[in-house]
Structures are given as structure tokens and as C-alpha cells.
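See below for the structure under consideration.
The values are calculated or read from the model by the stated rules, or taken from the named source; none is laboratory data. This one's a predicted model, so the numbers in the text were calculated from it and none came from an experiment. When we count neighbours, we look across all protein chains shown, and the Cβ atoms used for this are built from the backbone with ideal geometry, even at glycine. Areas reflect the complete protein model, heavy atoms only, side chains present, ligands, DNA and RNA absent. Shrake-Rupley method; radii C 1.70, N 1.55, O 1.52, S 1.80 Å.
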There are 2 protein chains.
Amino acid sequence: AQPSVCAERPCSIASEKGIKLSTNLLPACNGEITTMSFLQDIVDILLQYVVKSFDRTTKVIDFHYPNELLQEYNWELADQPQTLEEILLNCRTTLKYAIKTGHPRYFNQLSTGLDMVGLAADWLTSAANTNMFTYEIAPVFVLLEYVTLRKMREMVGWPGGCGDGIFSPGGAISNMYAMLIARFKMFPEVKEKGMAAIPRLVAFTSEHSHFSVKKGAAALGIGTDSVILIRCDERGKMIPSDLERRILEAKQKGFVPFLVSATAGTTVYGAFDPLIAIADICKKYKIWMHVDGAWGGGLLMSRKHKWKLNGVERANSVTWNPHKMMGVPLQCSALLVREEGLMQSCNQMHASYLFQQDKHYDLSYDTGDKALQCGRHVDVFKLWLMWRAKGTTGFEAQIDKCLELAEYLYNKIKNREGYEMVFDGKPQHTNVCFWYIPPSLRSMEDNEERMSRLMKVAPVIKARMMEYGTTMVSYQPLGDKVNFFRMVISNPAATHQDIDFLIDEIERLGQDL
Amino acid sequence: AQPSVCAERPCSIASEKGIKLSTNLLPACNGEITTMSFLQDIVDILLQYVVKSFDRTTKVIDFHYPNELLQEYNWELADQPQTLEEILLNCRTTLKYAIKTGHPRYFNQLSTGLDMVGLAADWLTSAANTNMFTYEIAPVFVLLEYVTLRKMREMVGWPGGCGDGIFSPGGAISNMYAMLIARFKMFPEVKEKGMAAIPRLVAFTSEHSHFSVKKGAAALGIGTDSVILIRCDERGKMIPSDLERRILEAKQKGFVPFLVSATAGTTVYGAFDPLIAIADICKKYKIWMHVDGAWGGGLLMSRKHKWKLNGVERANSVTWNPHKMMGVPLQCSALLVREEGLMQSCNQMHASYLFQQDKHYDLSYDTGDKALQCGRHVDVFKLWLMWRAKGTTGFEAQIDKCLELAEYLYNKIKNREGYEMVFDGKPQHTNVCFWYIPPSLRSMEDNEERMSRLMKVAPVIKARMMEYGTTMVSYQPLGDKVNFFRMVISNPAATHQDIDFLIDEIERLGQDL
């Protein structure tokens, strides 16, 4: 005879002499109380962190150099367990050194902010702990993915929201999917026979596009040399005539153009490629049109700004990352595809242990085989719940406000002493790119020495920002332009006063340079 | 003059007439109390769900067909916001129909169970809401990834834990990385020039290996025809002599063998390929040896069972999914690579807006450019915190117990009336594969009619399991073997009595078939 269920498990009560270990938690016998109390302790730590994240008197970051951080605490993994008390301490320490990405003055990435409903949804997703491959094990999440993707396709402008799509682990993978599907559409035999069996392909994207287009081409065996970079105008938008010229040139060389990846919201300038002109060219030459709207896609939620994506409805596929402009917790990236069924044909392998054909429910809901992944994290619930909580109009208000703040920043610095804009004119997205010119450089001639000194300004200011922990904003060089600040606003917590603060802080930290 | 920070934001207090919306949450002015109370309400719902997940009197699943579920509740996305009350209701409804993947009688996938420390860690990860690309924005997590991957490489047996690696979104992607890196190692020019510039490659894996090897080959432009499936013995292990024969055959045809993907723990049989013999062959023919230990890698934590992976230390790369046998919440998959720097060379694109070379800290911690992804979810913290809480010995105990339960099941049914084992002998992993033979088939001759009736048995029992909601276990056909049950045990909550229950339940639900 086997022992009873309870006797088989370590008992939580038995060890209540004080020290608690993870073996006292569920599924331990009588582990309910220890579990509830442990999880509540964690939640209390997290709630405190969340509230502090929004507090402007708190630092964005308590910066330590890697070697300091390694020495400050013992992070090593050992044979023996730690107590639950120690586990709570580990959590506190981890959060102490974490970047407060929800802080109103954290502007460092395209993904900023911390949405409370999104956070709640992510916590639920963790507790549900399942995988997206089948309806069998993720019934609600599979349906919500269906509902949400259809809604997103409607907003792209595809009639009735028809088409296909998937939530993927980030924009780079979404863009890679687009390339993969475009190739398969033109040469389905590539799936079995590989690139050896098909002509030399070429893809086109702008010189300001995201590096994931090249990364995808390298991975897919196309090669980065076959990604032709199209020139941009001074605002960072692809020049359609250059695209057409390069397509013709490639065809003359015997290459086969199979993909144009236009960008709606470039990473640095926030530029929107002219999608209508690009769509015309793609149509003329029968090339798959992809729109990388990882960053700019969110503007589809705004009646005021969505015109910037006019023409997106003519795309064959669209990347759109709700974890960027819409503030959904990381990660949440969608690839939308106009033709239904193509993803499935391209990627399916019919694994019989997952996608049994003799199940008792409608198998069209077993969507896992269209993915490159096997197991796939549930990324949809955060977006779905936030959408329910805000409504489309709530997202719109949030996005409009960020764009308004960017315009405020632009107006404030465009004629201000000590600032030079990287490109002229009002920003199309929330990217505001500028140089801060310290007093010592202001009267210098525009020569090499000035350039080489200016190049060092942004990195030093940035390092100081991190050391003081007051704010964070990104910088980079681009082409022949030396390091400049790229300010982006996607954080719904940011206000005009935070923009004012940023300007003051840059001047405070940079005036002696 | 700009309005004050607070006046710029909707005020939570102002709307305290009753109805609360997400706009009353932080960052709303005075939103702290509403936020704490909303998140606490969510947590209360989740804690209730978690406790119920471990309760054997609760159903594993409250099954509804897709069309029923779509009708039972309004899941649509609208223009207008819902109240926070409604948001809580959405969460309750979502959980009502969710599969309780932590339930002691949920055996459906390789990933089962719900670890309390893992859950806590995932909640913290959500609150920290950052991305893995740079030390700048994920200092602690980047260090923990470094510490954890090194420890995993030590357990693989690479001296000093040296080497490289990454946490990727699932085993399929980890396997794809291995293929990508192996190809790059042999022909680095493929990155720029694509497959057109290099000879026709072939990869080898067993006929029982995971479908992701073919999926990867299709994606990378190698083609599924270039994945040669090596025969397995009756236990599902790759036959080394067949591997060598097929390598020679491929070479004779002028193809270039570049990868052998051995499996440590196959998906259906739980078989371990003979890694030492395979390593010898890989060495002889200078082929990259990858070990897909997504499922079996966890056994490296067990002094009793790790011999099953003997030879893994000779691999060039290893996939190991802590979200499977180690019970880490989804997703947590590691790719480990013996040669340091290769991933970086293979995948890097030097995006200057992320990987600035003039930062003020040690840039070797900016590991994002070795990934195919740009943004990358923080998957390491769950594993790291669980490891701290259990110690290596705690993981070992958990894994040993699952294997002991599998042996218990095997011993119980191997000679029991109404059962036939799919393969002979004690299972090497926790996979126990068997047919349940209903009374009506027991005396039938072994002919086609019996086969076609037996084929329908497992699907019907499975459908009934789901409708009753009492347990879930997977089934599939394999090769010429008709549908059989594949029982797997990775859930630390399972006990001998749950195994007994499963047997009783199969008999109860199948006796009339």
C-alpha cells in the first residue's frame, strides 16, 4: 500500500520552528499558509517598488559598475538551499539595483513606463503558466490572441480584420518572420530544398531601418550583402526613387527582389517611410511589402496621428510592438500577415505529439504550428487586458499625450542657446534628436576639433546622469553625425515638468564640458 | 508657465465617487491607494487560484469548446474603457477557463507544475519590466545571466564553466541558434554572402528528434531535405552506425555535413542518444555536435541520473530548458556554447544606438548583440531565484522523485491486464509510453481491425478526461505505432496516489470502448 498523499510530501507545519524553506511551500502538505504569506511578502516588496518607481524624489537608477555589483553581494548558486527569508532579501537586493523603467524620467528606450493593468495581467499570465501551442492547454489565451490580432488587423485597415498573425518574442523576430514568409510565398520549395534551389534573392530597406532586417537576412541564409540599403532624405525617410533605381539595378544583375521592408517609425529619427509610394513600387515589381511598425505602429490608435502610416493597409505584413508606444509590459510584439494560411504552410511540421488530428474540438484553434517556436510564451493577455481597461480611446489619449510632449520639447529647444537639432522640423514621432553644445564649444568654428569634442559630450553627460541616477536618455552617432541625444517619450508618466527637468539636467551636467 | 506635475495628471481622488478606471491608477496623481488596492485585489484572485491549483478536489480543466467559450463571455475589444471592477471580473473569467497546469494530475506536457518561488520571481521580473540587451538597463539581470549560464556550463562539464550562451525564447529557438552557429563556424562568409556562396550543407538528427531541427533548417535556408533522419533502436536512441553510414553517403554525394543534433531525452520516448559514440563520430568527421537536452538536460542536476548524458561534455552546444524538468515557469530555455565569442561574431550587427562603444562601464556585459532578438525578455531571474531557494540538491531531489514516480508507473502497468508497453524496459526519463487495451479488444487477434480500433481508444479517453476535467495526459501515434499514451512526470506536486488515480481513471473512462 502506498502512503497517503499528504504523508508523501514534506509537511509545512512540522518545520514551523522558525526557519522556512521553499520545501515548506505548496505543494507541501499544509503548505497553503506558508505559501500565501510568502507570496504576500513578495507582493509587498513589489508594491513598494512600484510606488517608488513613480516617485520623482526616487532615483531612476542606483548605478554600480559591474565589478562593484558582483562584489557587493553574493549572487552565486550553491548546492544547499537558502531560507525564504534570504529569498526575500535576494528580491529586495535585485530591485535595489534595478533600473526603474516606470520612472517618469526614464527615457532611455522605446519601451518605457509601467502600466498597472499590464502588470496585473502579466502576474496572471505567470500564475496560469501555460504555452500557446494548442487550444487544449491555453483555451482562453488562444481565443484572446485571435480576437486581439483581428482587431489589430482591422486597425491596419485590412477589411474585416482578415488575415493572419502571431505574437512573437520581439520586433526582430517579427521582422524575421516577415522575411521568411515573403521568401516562402515566392519560392515555396525553399522550405524543403533550401536556398540552393532558388535564385539569389535581394531585400530592400532604408539606411535608417532597424538592424534586425540584416540580422534576419544573415540568419535565413540570405546574407547581409543581399540587403540593399536605400537612401533616406534628411528626415530619415526612404527615398522611393532610390528604391526603384536599386530594384532595377538588382534585377539587371539577375537577382530576384523579394522584399521591401519599409519602416514606420525609425529607431533613431522616428521617421515614417512614404508607404504609399513604396506600395506602388512593390505592386509594380510584385515584391512583398513589409512595414516594420514596431515603434510607429502604435500611432494607428490615434485619429490625430495615424495618417503617418497611410499606405500600411497595402502592406503584405506588418510588425507592431505594443510593448513600445502602447506601454504594454515586455514583451509584446505582433506580426500581422495579410494572407491567411501562409504562416502555417511556411512553418508547419505537423508534430503528431502536439497537433493530433483526431482531437475532439475545432483544430483550427491549434495555432502553434505556424510559429518558428514550439513552446511560446503567453504575450497577448497583457495587451488584451490593457485594451479592455483603456479602450481604444484610452490608448489614443496616452499616445497623443506623448506626441504632444515631444512637440513641447522640440519647441523648447529648437531655438534655445546651446542646442542644435539633428534634423529640421517638427518630429513625426516622439523622437527628438539634438546635440547639446556646452558653452566652451558654442563659439568654435565648425571644424574637426569641434566635432571630436562634441562627440564626447553626450557620453559624458549620459554617464553623469547614470551616476547621479536622476534621468536616463539615449545617445548615438548616426552616419557622419557624431553622438547626439535621442530623446523618446513613450512613458505615460512623463509630464511637461519632466521635460523641463531633462533640459535643466543636461545643462547642469554638461556646462563644464 | 507649465501646470504643476500633479495638475497635469488625472486625479484619482477626484473620481472616488465609486467607479474606478485605469486612469485612476498610477501614474495618476494620488493614485497610490487605488493602485495598491487594485493590485492587491488581483493578487487575492491569483492566490486563490494558486491554492486551488494544488487541490485534488478541483478540476484540472473546466472544458468548453471554442465556440462555447466565445459565446459564454464577451471577449471583444472596444473603444471605451471598462471599469477596474470589470477588469477584475475579466481576470476571474480567464482563470475559470484556464488549465490548472500546476495541478498534481496535470501530466499533459513536458512543462508542468507551478513553482512558488518561480512564480514570485516572475512577478518581480514583470515589475522590473526591462530588456536584456545591455548592462545599462538590466544590470542585475545581465550579471545573473552570466552567473547562471556559467553554472550550467559547469554542470555540462566544460572546465571552469567556460564558454558562452544565452537564454532564448524556447527550445526550438535554442536549437535553431545551434544550427546557425555551427554553420557560421564552418563557413563564416555565410553571414554576408548567404547560402549561395557555400556548399550544400547537411545536418543529421534521429528520427525521434524534435521537429524544431527541421523547422530550423527550413528557416535558415538549409531546407528540410538536408536534415537527414538517422534510424533509432527500439528504445528510440539514435543508432551510431547508421549515423556514420549516412555521413559517408552524404559526403560521397558532395554534401558537407556540418551538424549532428543528438537528443538527450526525446519528446515521446524520453530516450537518450548515445552521446559518447556520437561524439566520436563528430570528432572523426569534424562535425559540430549539438545536444538537444531541452527535456533531458535537467538530469544533469541528479547524481543518480546524470550518467544518461555522459558525453555531453564533448558537445559544441547544448540546449537545456529549465522550464521543463526543473519546473521553472515558462519560458526558460538556455543554449550553451563551448566556444566563447562565436555567438557574438555570428549575430552581431553593431547597432550604434544600443551598443555604444564609448560607455563608461565594461562593455563586455552588453551581451545583447549575440542574440537574434533585439529586445529580449528577462527569463533568467526565475531560474536563478529557484536555484537559490532549492540549491542544486533541491532540484536533484525534485527530479529524482519524478523519475521514481515514472518507474512506479512502469512497474505498475508493465504486467497489468489491459496494458501494453510501447517499448520494453524501464524508462530512462519520466516518459512512460503505453496502450490501454479496453476489454473488448483484449482477446482480438492482432490484425488491422484491432489496430484501427485501438487507434481510436486514446483520443476518446483523452476527450473524456478533458470533459470530466479530472486529469490530462498526452497521446500520439509514432511511426507505425497507433495512438498511445505518453505519460510524463515533471510536476513536483504529483504523488504515487496521483499515478494510481491516473490508471483508475483511464480504466474508468476506457472500459466501454
| message | If each label sits 7 angstrom from Cα along the C-beta direction, how far apart, in nm, is residue B:310 from its counterparts in the other copies? | response | 7.2
| field | Inter-centroid distance (Cα atoms) of region B:423-440 relative to region B:311-338, Å | value | 27
| message | How large is the direction-averaged shadow of the alpha-carbon convex hull of the protein assembly as shown, in nm²? | response | 40.0
| note | Using the Kirkwood formula on alpha carbons, the hydrodynamic radius of region A:313-397 in angstrom works out to 15.1
| query | Taking +1 at the Cβ of each Lys and Arg and -1 at the Cβ of each Asp and Glu, which of A:353, B:25, A:24 sits farthest along the dipole of the protein assembly as shown towards its positive end, judged by Cα position relative to the Cα centre? | reply | A:353
| Estimated [θ] at 222 nm from DSSP helical runs (n ≥ 4, -39500 (n - 2.57)) normalised by residues in chain A, nearest 500 | -12500 deg cm²/dmol
| task | Using the Karplus curve 6.51 cos²θ - 1.76 cosθ + 1.60 with θ = phi - 60°, work out ³J(HN,Hα) for each residue of region B:44-49 in order, rounded to whole Hz, and write x for Gly and Pro. | result | 4, 4, 5, 4, 4, 5
| request: Take the alpha-carbon centre of region A:45-117, take the same for region B:343-364, and report the distance between them in whole Å. | output: 23
| request: Among the GluC sites (Glu not before Pro) in region B:312-397, which ones are in a DSSP loop with at most 16 other Cβ atoms within 10 Å of the Cβ? Mind listing them? | output: B:339, B:340
| Convex hull of region A:42-197 built on C-alpha atoms - directionally averaged projected area, nm² | 15.8
| request: Name the long-range amide H neighbours of residue A:484: under 5 Å, sequence gap of 5 or more, or other chain; modelled H, no Pro or chain starts. | output: A:476
| field | Beta bridges per DSSP with both ends in the protein assembly as shown, % antiparallel, nearest 5 | value | 50
| query | What is the magnitude of the charge dipole of region B:51-129 about its Cα centre, with +1 placed on the Cβ of each Lys and Arg, -1 on the Cβ of each Asp and Glu, and no other charges, expressed in debye to the nearest 20? | reply | 520
| Copy-to-copy spacing for residue A:424, label 7 Å out on the Cα-to-C-beta vector, in nm, shortest first? | 8.6
| query | With Cβ to Cβ distances under 12 Å as the rule, what net charge do the other residues near residue B:259 carry (K, R +1; D, E -1)? | reply | +2
| Charge sum, other residues only, whose C-beta stays under 12 Å from residue A:88's C-beta, Lys/Arg counted +1 and Asp/Glu -1 | -1
| message | Residue by residue through region A:251-266, what is 3J(HN,Hα) from phi via Karplus (6.51 cos²θ - 1.76 cosθ + 1.60, θ = phi - 60°)? Round to whole Hz and write x for glycine and proline. | response | 5, 4, 7, x, 7, 10, x, 10, 8, 10, 9, 7, 10, 10, x, 6
| request: List the trypsin sites (Lys or Arg not before Pro) within region B:273-368 that fall in a DSSP loop (any state other than H, G, I, E or B) and whose Cβ has at most 15 other Cβ atoms within 10 Å. | output: B:286, B:303, B:304
| field | Restraint check, B:253/B:306; A:370/B:382; A:359/B:59; A:370/B:237; B:237/B:304, Cα-Cα greater than 30 Å | value | B:253/B:306
| field | Cα-Cα separations in region A:367-496 greater than 24 Å, expressed as whole percent | value | 47
| For the rotation that superimposes chain A on chain B, which residue of A has the C-beta lying nearest to the axis, and at what distance in Å? | A:221, 1
| With the radius of gyration and the Kirkwood radius both derived from the Cα set of chain A, what is their ratio Rg to Rh? | 1.01
| request: Any chance you could look up the accessible area of residue A:512 with a 1.4 Å probe, heavy atoms only, rounded to 10 Å²? | output: 100
| request: Provide the solvent-accessible area of residue B:100, counting protein heavy atoms only and rolling a 1.4 Å probe, rounded to the nearest 10 Å². | output: 20
| message | Please list, in order along region B:463-480, the HN-Hα scalar couplings obtained from phi with the Karplus expression 6.51 cos²θ - 1.76 cosθ + 1.60 (θ = phi - 60°), rounded to whole Hz, x for Gly and Pro. | response | 4, 5, 3, 6, 5, 6, x, 7, 6, 9, 9, 8, 9, 6, x, 8, x, 8
| field | Cα-centre dipole for chain B with unit charges at Cβ (Lys and Arg positive, Asp and Glu negative), debye to 20 | value | 1380
| task | Mind listing the long-range amide H neighbours of residue A:292? Cut-off is under 5 Å, sequence gap 5 or more, other chains count too, H placed in the peptide plane at 1.01 Å from N. | result | A:262, A:263, A:264, A:319
| request: Between copies, how far apart are the residue B:93 label points? List them in nm, one decimal, shortest first, with each point 7 Å from Cα toward Cβ, please? | output: 4.5
| Which one of A:461, B:186, A:78 is farthest out on the positive end of the charge dipole of the protein assembly as shown, using unit charges on Cβ (Lys, Arg +1; Asp, Glu -1) and the Cα centre as origin? | B:186
| task | On the full set of protein chains, 1.4 Å probe, figure out the accessible area of residue A:388 and give it in Å² to the nearest 10. | result | 10
| field | Summed side-chain charge close to residue B:338 - residues other than residue B:338 whose Cβ falls under 10 Å, Lys, Arg +1, Asp, Glu -1 | value | -2
| field | Calculated diffusion of region A:47-109, Stokes-Einstein form, Kirkwood radius summed over Cα pairs, 10 °C and 1.306 mPa s, µm²/s | value | 118
| Share, in percent, of DSSP beta bridges within chain A that are antiparallel, nearest 5 | 50
| Amide H within-cut-off set for residue A:204, under 5 Å, with H built and near neighbours excluded | A:228, A:259, A:260, A:261
| note | Debye calc, one equal point scatterer per Cα of region B:124-163, no solvent, log10 I(q)/I(0) at q = 0.14, 0.20 1/Å comes to -0.39, -0.63
| said: Compute, for the protein assembly as shown, the length of the dipole vector about the Cα centre, with Cβ point charges of +1 (Lys, Arg) and -1 (Asp, Glu) only. Units Debye, rounded to 20. | reply: 1820
| Which one of A:435, A:385, A:409 has its Cα pushed farthest toward the positive end of the charge dipole of the protein assembly as shown, where Lys and Arg give +1 and Asp and Glu give -1 at the Cβ? | A:435
